[in-house]
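Asks: Have a look at the structure that comes next, please.
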Amino acid sequence: MPLKNGKRMSIKDKEFLHNIFRKEIKDRKIPLSLGKTCPVKCTFCYEMDHSYRDTFDTPLTTQEHWDFIFNEIKSLPTRESESWVLGGNEYMEWTDLALHPKAMDWIEQFLDQTDKGITVFSVGYFDPLRINRLADKYPGRINFELSVISLSSYRQQLMPKGPSVDQVLEILDGPAVTSANFYSLGPDSMSNDAKRISKINEKCLLWMGCLTPLKYIDGNTTKLMRQGKRFLPDEARKIYDMDLPNVQMIHTESDITAFLNRNKIIKTFDACELEKKDWIVMAGNVHRVLTLFRSGRARFMYVPNDTLGGDSDCTTLLTFDDIAKRITNQKVIHLPRVIMEKSSNDERDISGRSFDEFKNQFPNVRFKVLHKINSDLSNKKLYEKGYLKNYVEGYLNNPLSKKYENVAYPN
Ligand code: SF4
């Protein structure tokens, strides 16, 4: 029986399953399933708790399912710049789909019989020779984001069932991998990995940063993640000094991103033309920027990322439940649009809760949406400064960043 939000749901018939496939396909996902939770069991896995969204416990994808999925996808027109995602389903639990015994065959069929691109997320269970051969045969069609995580001794702690370091290095040795993500976990972790990966593959993008502990991550993993954050400046400087040929990005730290984009945040805030008495919702990262540069220009309603918990600190990831906990006697509250852009069809937060439902909970409060603060802005503009170079030159070397780090959050 499939599970939905922890409750048993019955997949009544084939049509029900096909409808789940159709929903994923609409979002440009290739809905393969392992028919079980992810066997890799990484201790940092953010899918460990996915109770915030509805998922269906789908069976192992059969040839018959695949024929249906493939025909549906094939019937859709190809749009330039569109890439079909393997390994990030919305209505099914995330697993490493490279572990599906037919994954490689189906990827090959997809590349052979369509003109569409594919984005693959995996910790690296593909046959290295075959995936690199496919990338050679279909240049520019595979966007392979390899989750290296760490090649250091910390790897054993974080992913005891993950692929071996040798397997990961073999995959990297070829044209398949477009980006490799790995993290600071302590001294000589991220910097050693950057050097090692770049030596094998100087074309893939190096995507670095820290892993953020969320509330359901175990104590030891949380400790390791926080240690990584403490060593991030040292590790980043070492990589900066190596002058590697790869494109190098640090994208995972919302506080750094907010600081580097402070001018854009301030400009957008000014453009909203709020009055001093207006309440505006924001998470800690933006709160610190506006406290430093726009103090007293509006009433900043600091909302912690309670749903995700841990050290998460990002306005984009706030939920309506988080906001609800902070409402006291406000009459009018301004909400950034970015909070309710989970789906393109209606206004929902990352947990899937709708804006209408939230408004009904507070009949005496008027909510005004700040349309200028949207995901288009956060995805495109704020990411522009996500290079390691920006972090070292514009953040670490900027004395203002120390002041920013010392801005305390309100209670
Ligand atoms: S391989 Fe991916 S989905 Fe599986 S446990 Fe690890 S992080 Fe989670």
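The values are calculated or read from the model by the stated rules, or taken from the named source; none is laboratory data. None of these values were measured; they are calculated from a predicted model. Neighbour counts run over all protein chains shown; Cβ positions are idealised from the backbone, glycine included.
Asks: So which residues in region 227-258 are in contact with an Asp or Glu (Cβ under 6 Å, 6 or more places away or on another chain) and at pLDDT 95 or above?
Replies: Within region 227-258, PRO245, ASN246 meet the criteria.
Asks: With in contact with a Pro (Cβ under 6 Å, 6 or more places away or on another chain) and either surrounded by 14 or more Cβ atoms within 10 Å (Cβ to Cβ) or part of a helix (DSSP H, G or I) (or both) as the only criterion, which of ILE323, ILE350, ILE327, ILE373 stands out?
Replies: Just a single option satisfies the conditions, and that option is ILE373.
Asks: To continue, here is another question. Could you give me the residue pairs with C-beta distances under 9 Å whose first residue belongs to region 85-103 and is aromatic (Phe, Trp, Tyr), whose second residue is within 11 Å of the ligand (Cβ to nearest atom) and modelled with pLDDT of 90 or more wherever it lies, and which are 6+ apart or on separate chains?
Replies: TRP94/CYS38; TRP94/CYS45; TRP94/PHE121
Asks: Right, something else. Sort out which residues of region 71-114 are within 29 Å of GLN167 (Cβ to Cβ), surrounded by fewer than 19 Cβ atoms within 10 Å (Cβ to Cβ) and of a type in the set (D, E, K, R), and write them in order of number.
Replies: Hits for region 71-114 are GLU93, LYS102, ASP105, GLU108, ASP112.
Asks: Against the conditions (1) touching a helix residue (DSSP H, G or I) at 6+ places or on another chain (Cβ under 6 Å); (2) in a loop (DSSP other than H, G, I, E, B), where does THR61 fall short? Just the number, please.
Replies: Result: THR61 fails condition (1) only.
Asks: Quick one: would you say ASP166 is assigned by TED's automatic domain parsing to the domain that holds PHE231, acidic (Asp, Glu) and at positive phi?
Replies: no
Asks: Next up: Please return the ranges of strands (runs of 3 or more DSSP E) entirely within region 101-220 where 1 or more residues are within 16 Å of the ligand (Cβ to nearest atom) and among the polar types (S, T, N, Q).
Replies: Here the list reads 117-122, 142-149, 177-182.
Asks: Continuing with the same structure: Give the residue that is nearest to LEU158 (Cα to Cα), with candidates limited to residues of region 31-46 that are touching a helix residue (DSSP H, G or I) at 6+ places or on another chain (Cβ under 7 Å) and more than 9 Å from the ligand (Cβ to nearest atom).
Replies: Across region 31-46, the extreme among qualifying residues is LEU34.
Asks: On to the next question. Pairs only if they're at least six apart or on different chains, beta carbon under 9 angstrom, first in region 156-180 and of a type in the set (Asp, Glu), second within 13 Å of the ligand (Cβ to nearest atom); list them, first residue then second.
Replies: Within 9 Å, the pairs are GLU170/GLY124.
Asks: Now a separate question. Tell me yes or no: at least one residue of region 74-94 is among the basic types (Lys, Arg) and away from the ligand (no atom under 16 Å from the Cβ).
Replies: Yes, region 74-94 contains at least one residue that is among the basic types (Lys, Arg) and away from the ligand (no atom under 16 Å from the Cβ).
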